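The structure appears below as structure tokens.
The values are calculated or read from the model by the stated rules, or taken from the named source; none is laboratory data. Because the structure is predicted, anything quoted here is derived from the model rather than measured. Glycine gets a Cβ as well: all are built from the backbone with ideal geometry, and neighbour counts include every protein chain shown. To get the accessible areas, we keep the full protein, side chains included, count just its heavy atoms, and leave off ligands, DNA and RNA. Shrake-Rupley method; radii C 1.70, N 1.55, O 1.52, S 1.80 Å.
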Amino acid sequence: MVKSSEAHRAVEAIWRIESSKIIAALARRVRDIGLAEELAQDALVAALERWPEQGIPDNPGAWLLVVAKRRFIDLIRHKALHQHKEPELTREIEGQLQDAAPVETDAALDEPVADDLLRLMFVACHPVLSTEARVALTLRLLGGLTTEEIARAFLVAEPTVAQRIVRAKRTLAEARVSFEVPRGSELAGRLASVLEVIYLIFNEGYAATAGDRWLRPELCDEALRLGRILATLAPAEPEVHGLIALMEFQASRAWARVNADGEPILLADQNRSLWDRVLIRRGFVALARIEALGQSYGPYALQAAIAACHARASTATETDWQRIAALYDALAQLAPSPVVELNRAVALAMAFGPAAGLEAVDGLAAEPALKHYHLLPSVRGDLLAKLGRFEEARPEFARAAALTRNERERKMLLERARR
Amino acid sequence: MRFMIIVKATQASEAGVLPPERVIAELAAYRDQLVRAGVLLDAAGLQPSAKGWRIRCAGTKRTVIDGPFANTRELIAGYILIQAQSKAEALEWSRRFPNPVFDGQDGEIEVRQLVEWETFGFGAATESWRKLWVEMG
């Protein structure tokens with residue numbers, strides 16, 4: 001019994017490592033990611049049946065791919081038989097699948113698959129899909145996560161996730177989405193969608209918008225993993241490295257930004273010796289890749305460069321706030337948004353005093369996009385408190401507390417409102 | 001969670017002999033697999049213990065002992081730091097590690113999980129570890 005559960009865990013681990021490559025390789029042939037995933041799942045079921053008894057094959061990825069391809073041949077034969085289709089078609093497809101020999105090596109599975117994986121990422125993040133569907137499909141097809149794991153990570157019911165995935169596959173099939181890497185003018189927009197999905201997964205883990213935990217590290221890890229994979233598939237895209245740098249820097253602070261009770265600790269108050277040096281170094285390396293490409297910083301890279309300013313400062317007081325304010329200026333020009341303006345206001349306050357920051361914040365008061373954004377009153381309260389205007393600060397914190405969806409943050413804000 | 005794949009030293013690694021082309025190629029291919037799977041965090045090879053030293057601590061007294069050191073099998077020659085979702089995933093990656101030994105002896109790879117905050121979860125244990133860490137830092 002113990003042995004069999006061990007074997008099951010091993011199969012699951014192999015699935016996690018190999019599934020995206022298998023689905024990608026199949027999708028290229030069958031031109032339907034829904035069918036590709038079903039075939040791969042069939043192979044997984046076969047592995048779960050056979051490996052506990054027969055042992056794990058030397059090249060489990062190739063084994064799974066071969067079994068999945070055979071399932072496809074069976075499916076075609078079955079269809080041909082029932083629809084009285086010409087046998088030539090069957091033969092033709094079998095001919096295409098000749099390379100399904102079980103002698104494929106790891107390299108043979110890896111090499112041509114790199115492009116397929118990139119295609120799979122683009123399809124999973126296709127703009128015809130809703131954001132939730134893109135996230136679920138990406139975690140499922142590229143992360144190798146089960147529906148149950150995705151549901152748990154996003155605190156939604158499993159059937160909801162299952163439905164999202166089924167609908168997403170149907171939408172893709174109906175839209176006849178091509179299994180190609182977009183070219184030319186289309187590429188930038190499609191790549192932005194992929195980056196957005198990865199960063200969304202990261203943020204869901206890093207600043208959980210719902211629930212009573214402030215951090216879900218498994219989602220951060222998954223986003224980092226997906227980002228690092230993408231960097232190997234599209235190494236010439238500067239924003240890919242920008243996003244990775246941003247996530248590495250942010251993740252480096254993960255364990256310094258909550259206390260023993262799981263309550264948030266603000267950046268300025270964090271114990272910087274708890275920041276993860278391995279991840280910080282990786283962040284700087286990713287930024288250096290953009291420089292090596294001779295490219296200018298896009299929005300993700302600019303945010304990463306801001307995070308790098310914090311990483312460079314061994315104490316909060318050593319932070320180069322003028323540089324951060326300048327980087328926010330650049331970001332506001334490249335990707336203008338009220339949230340960026342709010343951050344710029346904070347940087348201005350740090351560089352030139354709370355009054356300068358407050359002036360910028362007050363300019364945002366009428367911004368409709370920030371009407372329900374808890375950080376606007378939170379920042380305003382903070383700046384007022386710094387100016388000694390506590391009477392005005394308190395209602396701002398209370399307002400922020402009423403707006404946040406995170407229990408931990410609400411508690412912290414209410415405490416400041418009482419001070 | 002993170003795991004360190006520790007490659008044990010051999011007579012050859014201790015003698016500073018570089019592995020033959022074939023072994024280097026296998027190690028590079030393995031490293032490449034880890035990169036492409038998005039799991040590699042850090043990796044390095046270590047110079048022979050002849051170039052290293054040990055510090056023996058006895059109370060407040062410190063004694064420097066220069067390498068090389070005996071018991072080659074207890075020494076390490078390099079490490080790879082990976083991020084995995086589960087122990088089973090780390091086990092699978094370590095199982096794929098190419099045999100680093102080329103001088104006819106048996107090779108050995110040891111895998112250890114890193115201590116992380118999530119090992120303890122939030123609470124008293126985390127806080128005491130955190131305090132210890134802060135004091136050390």
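Here residue A:32 meets each of (1) farther than 18 Å from residue A:123 by Cα; (2) touching a residue at least 60 places away in the same chain (Cβ under 8 Å) with one exception, condition (1). What are the pairs, 6+ residues apart or on separate chains, where a residue within region A:114-134 that is under 20 Å from residue A:28 (Cβ atoms) has its Cβ under 7 Å from a residue that is part of a loop (DSSP other than H, G, I, E, B) and aromatic (Phe, Trp, Tyr)? Between residues of region A:114-134 that are under 20 Å from residue A:28 (Cβ atoms) and residues that are part of a loop (DSSP other than H, G, I, E, B) and aromatic (Phe, Trp, Tyr), the close pairs are A:119/A:179; A:123/A:179. Of all residue pairs spaced 6 or more apart or on separate chains, those with beta-carbon atoms under 6 Å, a first member in region A:362-384 that is at pLDDT below 90 and a second member that is open to solvent by less than 60 Å² (accessible area, probe 1.4 Å) and part of a helix (DSSP H, G or I) are A:367/A:338; A:369/A:338; A:370/A:338; A:370/A:376; A:372/A:403.
Residue pairs whose Cβ atoms lie under 8 Å apart, separated by 6 or more positions or on different chains, with the first residue in region A:264-293 and of a type in the set (Phe, Trp, Tyr) and the second modelled with pLDDT of 95 or more, are A:275/A:311; A:284/A:245; A:284/A:308; A:284/A:311.
Looking only at residues of region B:32-75 that are within 23 Å of residue B:89 (Cα to Cα) and β-branched (Val, Ile, Thr), we find that the one that is least open to solvent (accessible area, probe 1.4 Å) is B:39.
Residue-by-condition table, conditions (1) basic (Lys, Arg); (2) open to solvent by 60 Å² or more (accessible area, probe 1.4 Å):
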residue: A:327; (1), (2): no, no
residue: A:339; (1), (2): no, no
residue: A:369; (1), (2): no, yes
residue: A:391; (1), (2): no, yes
residue: A:395; (1), (2): no, yes
residue: A:405; (1), (2): yes, yes
residue: A:409; (1), (2): no, no
residue: A:414; (1), (2): no, yes
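Taken over region A:113-164, the criterion of being of a type in the set (A, V, I, L, M, F, W, C) and within 15 Å of residue A:177 (Cβ to Cβ) is satisfied by A:118, A:120, A:121, A:122, A:123, A:124, A:125, A:128, A:129, A:133, A:137, A:141. For first residues located in region B:72-83 and within 14 Å of chain A (Cβ to nearest Cβ), partners that are open to solvent by less than 20 Å² (accessible area, probe 1.4 Å) and assigned to a helix (DSSP H, G or I) and lie 6+ apart or on another chain with Cβ distances below 8 Å form the pairs B:80/B:34; B:82/B:34; B:82/B:90; B:82/B:93; B:83/A:224; B:83/A:225. Among the residues making up region A:241-277, those that are within 14 Å of another protein chain (Cβ to nearest Cβ), over 15 Å from residue A:306 (Cα atoms) and either modelled with pLDDT of 95 or more or assigned to a loop (DSSP other than H, G, I, E, B) (or both) are A:257, A:259, A:260, A:261, A:262, A:263, A:265, A:270, A:271, A:275, A:276.
Just for strands (runs of 3 or more DSSP E) wholly inside region B:1-61: which have at least 1 residues that are out of contact with any helix residue (DSSP H, G or I) (no Cβ under 7 Å at 6 or more places or on another chain) and either within 11 Å of chain A (Cβ to nearest Cβ) or touching a residue at least 40 places away in the same chain (Cβ under 8 Å) (or both)? Full working, then the answer.
On the way: elements: B:2-8, B:40-45, B:53-58.
Ranges flagged: B:2-8.
Candidates are the residues of region A:227-240 that are open to solvent by less than 30 Å² (accessible area, probe 1.4 Å) and away from chain B (no Cβ under 11 Å); the one that is farthest from residue A:297 (Cα to Cα) is A:234.
Selection of region B:76-106 for residues being open to solvent by less than 70 Å² (accessible area, probe 1.4 Å), small (Gly, Ala, Ser) and more than 30 Å from residue A:11 (Cα to Cα) yields only B:77.
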